Amino acid sequence: MTAVPDESYQNIFHIRDHFTRFSYAKPSQSKSAKNAAMCLFNFCMIYGPPAVLHSDNRKEFVGKIVQEILNIWTNIKIVHGRPRNPRCQGLIEKGNNILQTKLGS
């Protein structure tokens, strides 16, 4: 098994439960729809699919591959908010700040 250099992981996918404040973070090599879909798929396989998936409108989350994942679990409702809007994305933005602080220490 070949070790992957740390520099190749420059992104983190962060999923946060609005009710319990549970955070799930996974490093990624790129912000592609394929990597976003794999992160979402792994999360759903471990913890079960969410009832509502709240996402901003970034391209990696509205990609065709992510839509295919949502077709597997047809009971997931996807809600899109405005990117970087504190009213829509406040909980995840706060969680991102906490995650960034923890990773920096």
For this session: With a Förster radius of 25 Å, plug the Cβ-Cβ distance of Ser8 and His80 into 1/(1 + (r/R0)^6) and report the FRET value to the nearest 0.05.
Result: 0.25
Exercise. Hey, rough spin-label estimate for Gln67 and Gln100, points 7 angstrom out along Cα→Cβ, what's it come to in nanometres?
Worked result: 3.2 nm
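The numbers here are math on the coordinates, done by the rules we state, and not lab data. Computed from a prediction, not measured in an experiment: that's the story for all the values here. Cβ atoms come from the backbone with ideal geometry, glycine included; neighbour counts cover every protein chain shown.
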